[in-house]
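First up is the structure itself, then whatever we jot down about it.
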Amino acid sequence: MSQATQDSVREDGVIASVSGPVVTARGLDARMNDVVYVGDEGLMGEVIEIEGDLTTIQVYEETSGVGPSEPVESTGEPLTVDLGPGMMDAIYDGVQRPLDVLEEKMNSAFLDRGVDAPGIDLEKKWEFEPTVSVGDEVASGDVVGTVPETVTIEHKVMVPPDFEGGEVVAIEDGEFSVTETVAELDNGEEITMHQEWPVRQARPAAEKKTPREPLVSGQRILDGLFPIAKGGTAAIPGPFGSGKTVTQHQLAKWADADIVVYVGCGERGNEMTEVIEDFPELDDPKTGNPLMARTCLIANTSNMPVAARESCIYTGITIAEYYRDMGYDVALMADSTSRWAEAMREISSRLEEMPGEEGYPAYLAARLSEFYERAGYFTTVNGEEGSVSVIGAVSPPGGDFSEPVTQNTLRIVKTFWALDADLAERRHFPAINWNESYSLYQEQLDPWFVENVEDDWAEERQWAVDVLDEENELQEIVQLVGKDALPEDQQLTLEIARYLREAYLQQNAFHPTDTYCSPEKTYGILTAIHAFNDEAFKALEAGVPVEEIQAIEAAPRLNRIGVQEDWEAYIEDLKAEITEQLRELY
Ligand code: ADP
């Protein structure tokens, strides 16, 4: 919560009633979405309904023990985040209180209530290097200087969006805290490294563009079959044990985003603890620096009730937009949007609103889409290009994708990675079901893959999809009559499909080489299997029995391409060997 917000406290009211995270107050002078401080302890909340003299507030902290006639104060301002250097490497709670600062304040890992702490360190000095000089004209959004925020990230100090801009009359390099003026304009505007922004409002950009570049993940099934664009949206439903955590770690580590914002939204306490403990241990494989140097974690702590899940989501996306404005590609991961939806359901039922499907409020779809709409590939206000990609985990109860949160999310997002408990049980990882998953970005990203990888990228992918589809159909027959009853060409198709699954779709996140697969290597593996396919069918046509084709020694080596460093030479060699061994058969 920002300092400024605290300073401008207005009219008092009193609590009329308390129902879990929902508090009603009487006599409060407040507007919709104002931040208020509730009760003797000053718990933070947000106005969500006003009816005559009664104001309804969702409170972001535990309300037990809070009772009628305690005071309520309005700040007269909406929920804002503090933006400035120091957000990388930070771990925040749902209202951007840094967890380490809070812990220090209370000397305990169990957060007390009503404790306030600014989202960025107001004292710390940063090394400011101007990028403009006295006499230069700067407009809203323009960069006036940089700060080495972490070993990985250069923070760009921008003219705030609500400034008019003008001629620079004073600017100097040196060490400054975020509240000190680093540049002055001729109209009297003073630029600091600190901005505030209301979380429910998208930060302005010049233009939202059609995304045309993939957010390369280094995961074959994603890049190869179901790519997400930079600035795109994806949903990943994760039944327990299906590999949700591993997939998210892989994306955080390998996706070619400059910055990762990870929102842990109301997941069970231990899962969140896992993230808070795991992430600071991880290295950024691309730079060797700590992964946290380009990551911001926002985590709901166990004492934060449901309402804070919502503020988590909005805080996260606002921070993501701020780095986008600097011209960075940001990936935001929200885990899990189902918990946020459940929070909406709980608040809505306490407000006695008319329930929609399965008790979720009628505005569930609108809220979800407002959130995902803040993703995109943009020309920023200062003319740079930046993107926010949003990957939302969904946790459908019992893995049932027909429930409202999954269904509403599917209507919005353009990429769907369906994690599958059955595949995970069979140890097929990543357990992403290729029959159910999809990406609507394929066509618009194909030109990038053609230009940057290979001309027939799309044709090769289509070949793989066709073979996997055919396998899917044949499996039904196999279950009825057994594989041996199939004609030989179909048996061979099943064999090819098996290699597609084992050599191409499966990928071991824990193998030092296989953990990341470049688009070139992804393509290479696919074409190696395709080459085997073509030679194998030639052999079949020449009368070689399918068992003999399947039995050639070289074929199983296809499954080892993923773990090869020198995969190009390996594939060359393997193709030659496969051809030779098959041709010997006829
Ligand atoms: P969830 O978070 O959905 O409960 P996890 O991500 O913890 O599931 O995955 C469960 C287990 O599955 C992991 O401990 C790991 O053994 C295995 N696993 C998941 N994804 C992969 C992968 N890509 N490569 C190898 N093993 C994986």
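The values are calculated or read from the model by the stated rules, or taken from the named source; none is laboratory data. Quantities reported herein were computed from a predicted structural model and do not represent experimental measurements. Cβ: placed from backbone, ideal geometry, glycine included. Neighbour counts: every protein chain shown.
Please verify whether residue 407 is polar (S, T, N, Q) and either assigned by the TED database to the domain that holds residue 549 or not in a helix (DSSP H, G or I) (or both), treating the condition exactly as stated. I'd like the intermediate steps shown before the answer.
On the way: polar (S, T, N, Q): yes; either assigned by the TED database to the domain that holds residue 549 or not in a helix (DSSP H, G or I) (or both): no.
So residue 407 fails the test.
A single entry from 234, 293 fulfils the requirement of being closer than 23 Å to residue 412 by Cα and either assigned by the TED database to the domain that holds residue 88 or within 12 Å of the ligand (Cβ to nearest atom) (or both): 234. Of the strands (runs of 3 or more DSSP E) that lie entirely inside the range 290-385, those containing 1 or more residues that are under 24 Å from residue 23 (Cα atoms) span 295-299.
Does the range 259-274 include one or more residues that are crowded, with 18+ Cβ neighbours inside 10 Å, in a helix (DSSP H, G or I) and touching a Leu at 6+ places or on another chain (Cβ under 8 Å)? No, that holds for no residue. The range 410-511 holds helices (runs of 4 or more DSSP H) entirely within its bounds, and those carrying 1 or more residues that are out of contact with any His (no Cβ under 8 Å at 6 or more places or on another chain), within 16 Å of the ligand (Cβ to nearest atom) and of a type outside the set (A, V, I, L, M, F, W, C) map to 421-425. Number of residues in the range 449-490 that are surrounded by 13 or more Cβ atoms within 10 Å (Cβ to Cβ), among the polar types (S, T, N, Q) and closer than 20 Å to residue 222 by Cα: the value is 1.
Taking the stated definitions as given, is residue 523 touching a helix residue (DSSP H, G or I) at 6+ places or on another chain (Cβ under 7 Å), assigned to a helix (DSSP H, G or I) and either of a type in the set (D, E, K, R) or at pLDDT 95 or above (or both)? Break it down into steps so the answer makes sense when it comes.
Values: touching a helix residue (DSSP H, G or I) at 6+ places or on another chain (Cβ under 7 Å): yes; assigned to a helix (DSSP H, G or I): yes; either of a type in the set (D, E, K, R) or at pLDDT 95 or above (or both): yes.
Judged against the criteria, residue 523 is a match.
Away from the ligand (no atom under 14 Å from the Cβ) and surrounded by fewer than 24 Cβ atoms within 10 Å (Cβ to Cβ): is that true of residue 310 in this structure? Taking the combined requirement at face value, the residue does not satisfy it.
Scanning the range 529-559 for residues that are touching a residue at least 40 places away in the same chain (Cβ under 8 Å), surrounded by fewer than 16 Cβ atoms within 10 Å (Cβ to Cβ) and among the charged types (D, E, K, R) yields a single hit, 538. Among the candidates 52, 65, 39, 45, single out the residue that is surrounded by 19 or more Cβ atoms within 10 Å (Cβ to Cβ) and at positive phi. After applying the criteria, what remains is 39. Scanning the range 200-216 turns up no residue that is under 17 Å from the mean Cα position of the chain (by Cα), free of Cβ contacts under 8 Å to residues at least 60 places away in the same chain and either within 14 Å of the ligand (Cβ to nearest atom) or assigned to a strand (DSSP E or B) (or both). With respect to the conditions (1) surrounded by 16 or more Cβ atoms within 10 Å (Cβ to Cβ); (2) at pLDDT below 90; (3) of a type outside the set (A, V, I, L, M), residue 7 falls short on a single one, namely (1). Residue 241 passes every criterion in (1) farther than 30 Å from residue 459 by Cα; (2) in a strand (DSSP E or B); (3) within 16 Å of the ligand (Cβ to nearest atom) apart from (2). Just one of the numbered conditions (1) aliphatic (A, V, I, L, M); (2) under 33 Å from the mean Cα position of the chain (by Cα); (3) surrounded by fewer than 18 Cβ atoms within 10 Å (Cβ to Cβ) is not true of residue 153: (3). Residue 520: under 29 Å from residue 439 (Cβ atoms), under 35 Å from the mean Cα position of the chain (by Cα) and without any contact (Cβ under 8 Å) to a residue 60 or more places away in the chain, yes or no? No.
If you take the residues of the range 254-263 that are more than 12 Å from the ligand (Cβ to nearest atom) and either of a type in the set (A, V, I, L, M, F, W, C) or modelled with pLDDT under 90 (or both), which of them is farthest from residue 94 (Cα to Cα)?
Looking only at the range 254-263, we keep the residues that are more than 12 Å from the ligand (Cβ to nearest atom), and these are 255-263.
In the following step, the residues that additionally are either of a type in the set (A, V, I, L, M, F, W, C) or modelled with pLDDT under 90 (or both) were identified as 255, 257, 259-261, 263.
Details: 255: 25, 257: 23, 259: 19, 260: 17, 261: 13, 263: 9 Å.
The extreme case among them is 255.
Quick one: residue 246 ticks every box in (1) within 14 Å of the ligand (Cβ to nearest atom); (2) surrounded by 24 or more Cβ atoms within 10 Å (Cβ to Cβ); (3) of a type in the set (Val, Ile, Thr) except a single one, so which number is it? Result: residue 246 fails condition (2) only.
How many residues are outside any helix (DSSP H, G or I) and of a type outside the set (Val, Ile, Thr) when one looks only at the range 546-585?
At the first step, the residues of the range 546-585 found to be outside any helix (DSSP H, G or I) are 551-554, 564-566, 584-585.
So of that shortlist, the ones also of a type outside the set (Val, Ile, Thr) come out as 551, 553-554, 564-566, 584-585.
The number of residues fulfilling the criteria is 8.
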